[in-house]
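Here's the structure we're looking at; comments come further down.
What follows is calculated from the coordinates using simple rules that are stated; it is not laboratory data. In this text the structure is predicted, and so the values were computed from the model without any measurement. Because the Cβ atoms are built from the backbone with ideal geometry, glycine has one as well, and the counts that use them run over all protein chains shown.
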């Protein structure tokens, strides 16, 4: 158990819809990272938040947005969904070891 | 542009033998390299890392080798156990405090009893 909690575990929706994925980092961790794992692209860094503020952006589409709330949980909002957005979305917390992340179990999004 | 490449999608190894997973990278600015392991229906878990200033790091049955001139790293698992069967991801990180990892697409290791 990584201590990182993600909901929902599975989500099926239609093209053009909007969904929200939720993440609670490990207790006391101020950072949240979002990664996307799609079939053809592997794991890709999307965005990082630290104590409520955006710290870094990766390959995140303009249709996607995220935020981190005062209680440190984070939400990833995906809108105008396309078939290609079907993927596993992982949230992670960082540790003191460079590069070491604790990942949640992921939210599997299927867009039909 | 794929900065981290794992050219073998899958690998099968007999239990007790050595598993060697390979990874190539193109970005010379990576400061750390990491290996993550992923079981089905779980998130990736950190396995081992190596700083770009080292050429070897060992942790129990797992050893990572880095060849900077060839921009190549490998993960050795000795001896391989059935519980090692998983997808292994190689990743690079730029900056000592960076957690923005660039991952390869993974290699699925199957250890046959």
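Evaluate 2.2 N^0.38 Å with N set to the residue count of the range B:67-107, then give the Cα radius of gyration divided by it. Could you put the intermediate results ahead of the total?
Details: Rg = 12.9 Å, N = 41, 2.2 N^0.38 = 9.0 Å.
Normalised by 2.2 N^0.38 Å, the Cα Rg of the range B:67-107 equals 1.43.
Enumerate the whole-percent occupancy of each 10 Å bin, from 0 to the last occupied one, for all C-alpha pair distances of the range B:1-62.
The percentages, shortest bin first, are 15, 46, 34, 4.
Counting only other chains, what is the mean number of Cβ atoms within 10 angstrom of the Cβ of each residue in peptide B:38-48?
Details: counts 6, 0, 0, 5, 6, 15, 10, 5, 8, 1, 1.
Taking all residues of B:38-48 together, the mean is 5.
For the range A:1-102, with equal point scatterers placed on the C-alpha atoms only and solvent neglected, what are the log10 I(q)/I(0) values from the Debye formula at q = 0.11 1/Å, to two decimals?
Normalising to I(0) and taking log10 leaves -0.31.
Under the rule a/c < 1.5 gives rounded, and otherwise a/b versus b/c splits prolate from oblate, where does the range A:13-52 land using the Cα gyration tensor? Intermediate values should be presented prior to the final figure.
Details: a/c = 2.73, a/b = 1.55, b/c = 1.76.
Oblate shape, in that a/c is at least 1.5 and b/c is the bigger or equal ratio.
Please report, for the Cα atoms of chain B, the Rg to one decimal and the Dmax as a whole number; what are they, in angstrom?
13.3, 40
Considering chain A as a Gaussian network with a 10 Å cut-off on Cα pairs, which listed residue, A:85, A:29, A:71, attains the greatest mean-square fluctuation?
A:71
Please arrange A:4, A:111 by counting, for each residue, the other beta carbons lying within 10 Å of its beta carbon, fewest first. Working shown, then result.
On the way: A:4 23, A:111 19.
Least crowded to most crowded, the residues run A:111, A:4.
Based on the mean of other Cβ atoms within 10 Å per residue, sort peptides B:27-40, B:44-57 so the most packed one is first. Before the final figure, lay out each step's value.
Details: B:27-40: 18.1, B:44-57: 16.6.
Ranking the peptides B:27-40, B:44-57 by packing returns B:27-40, B:44-57.
Can you pull the one-decimal nm distance between simple spin-label points at residue B:61 and residue B:3, each 7 Å off the Cα toward Cβ?
A separation of 3.2 nm, rounded to one decimal place.
Translational D (Stokes-Einstein, µm²/s) of the protein assembly as shown at 4 °C and 1.567 mPa s when Rh comes from the Kirkwood sum over C-alpha pairs? Walk me through the intermediate numbers first.
Numbers: Rh = 17.9 Å.
Taking Rh from Cα pairs, D becomes 72 µm²/s.
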